Amino acid sequence: MSLYTNVKDLNPSRTFWVTKVRCIKLYEVPMYGGGDRSYNVECILHDREGYQIHGTIKKDLSESFRPLFQEGKLYAIKYFVVTNNSMCYKTTSNKYKIVFRSISNIVEITKCGFPIIMYDFKKFSEISNVDNIDLTMLVVSISPIQTKDLKDGSTKQMDVVLEDTERFRIACTLWGNFTYLLNDYVTSCGSEPVIVILQMSRQKNFRDQVNLSNTYYVSRMICVRNAPEVIEFKSKLVEDGEEGEIIH
């Protein structure tokens, strides 16, 4: 019998669990009105079968626990609580989440054969009922960066059209620094196809149309030409004879 419990078997029925997981996403969420040093640390973890679970390190433990985690690393963790996942924006499909306690134990381990599943890629045709979406995509068109006034200030916005390898297109709205990141990457690519990875994006329905957007603190855009996922996507474009010209 294994010492470690798989993620799919974790539940609130008891308080002592030991599991082995890889950290695929780590981010901080500020607590409004709590000052510059007040934030929760959030993480997304997967087990050897690829099942994911969200983890929360509350603000009073963030400074001591944050240095223990690094994206891509493998950990054995124990003495944590499993609770219902009542987050407004769920980063995984798991109905439970992990909450770390002051007595929680986190140890980095090296284990050959433990998978690295940093993304859970979806096709555009599969995302209508999914909260959390990882995609590799071709940028077909972009709009100029605009300034949008919001309740708590202003931010930047860019409208983008994306295309997958099946020639399915979808609109995407980028916010904040994502607009500058993509704009600079498009310029650097020149006449080459602009292929990006959008991790932890969110879909919204407007007038029966699905639209993607990035989410503050959670989403990530990877703009790296030699990323294995980008190279694989580009090879499919070459097979199909796709030119990849961007319309501004």
Checklist entry - Among the residues of region 25-34, is any free of Cβ contacts under 8 Å to residues at least 12 places away in the same chain, loosely packed, with under 14 Cβ neighbours inside 10 Å and either small (Gly, Ala, Ser) or closer than 23 Å to Asn214 by Cα (or both)? => result yes
Checklist entry - Among the numbered criteria (1) more than 29 Å from Cys23 (Cβ to Cβ); (2) of a type outside the set (Ser, Thr, Tyr); (3) at pLDDT 95 or above, which single criterion is violated by Ile98? => result (1)
Item to check | Every pair of residues 6+ apart whose Cβ atoms lie under 8 Å, when the first sits in region 215-226 and is open to solvent by less than 30 Å² (accessible area, probe 1.4 Å) while the second is of a type in the set (Ser, Thr, Tyr) and assigned to a loop (DSSP other than H, G, I, E, B) | outcome: Thr215/Tyr89; Val218/Tyr89; Val218/Thr91
Next on the checklist: Of everything in region 68-99, what is in a strand (DSSP E or B), open to solvent by less than 30 Å² (accessible area, probe 1.4 Å) and within 13 Å of Asn11 (Cβ to Cβ)? Give them in sequence order.
Outcome noted: Phe80, Val82, Lys97, Ile98
Checklist entry - Would a scan of region 4-23 turn up a residue that is part of a strand (DSSP E or B), open to solvent by 50 Å² or more (accessible area, probe 1.4 Å) and at pLDDT below 95? => result no
Checklist entry - Just a yes or no: is a residue in region 162-174 surrounded by 15 or more Cβ atoms within 10 Å (Cβ to Cβ), free of Cβ contacts under 8 Å to residues at least 60 places away in the same chain and small (Gly, Ala, Ser)? => result yes
Checklist entry - From the residues in region 141-161 that are open to solvent by 60 Å² or more (accessible area, probe 1.4 Å) and not in a strand (DSSP E or B), which one is nearest to Ile231 (Cα to Cα)? => result Pro144
Checklist entry - Looking at (1) touching a helix residue (DSSP H, G or I) at 6+ places or on another chain (Cβ under 7 Å); (2) surrounded by 11 or more Cβ atoms within 10 Å (Cβ to Cβ), which is the one condition that is false for Ser102? => result (2)
Checklist outcome for this item: Matching residues in region 48-67 (touching a Phe, Trp or Tyr at 6+ places or on another chain (Cβ under 8 Å) and either open to solvent by 10 Å² or more (accessible area, probe 1.4 Å) or at pLDDT 90 or above (or both)) number 9
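Just checking, how many residues over region 177-206 are open to solvent by less than 10 Å² (accessible area, probe 1.4 Å), not in a strand (DSSP E or B) and not aliphatic (A, V, I, L, M)?
Residues flagged as open to solvent by less than 10 Å² (accessible area, probe 1.4 Å), not in a strand (DSSP E or B) and not aliphatic (A, V, I, L, M) within region 177-206 amount to 2.
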Item to check | Considering residues of region 227-248 that are surrounded by 15 or more Cβ atoms within 10 Å (Cβ to Cβ) and part of a loop (DSSP other than H, G, I, E, B) only, the residue modelled with the lowest pLDDT | outcome: Gly244
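The values are calculated or read from the model by the stated rules, or taken from the named source; none is laboratory data. Being a predicted model, the structure only gives us computed values, none of them experimental. Note that each Cβ is placed from the backbone with ideal geometry, even for glycine, and that neighbours are counted across all protein chains shown. SASA here: full protein model, heavy atoms, side chains in, ligands and nucleic acids out. Shrake-Rupley method; radii C 1.70, N 1.55, O 1.52, S 1.80 Å.
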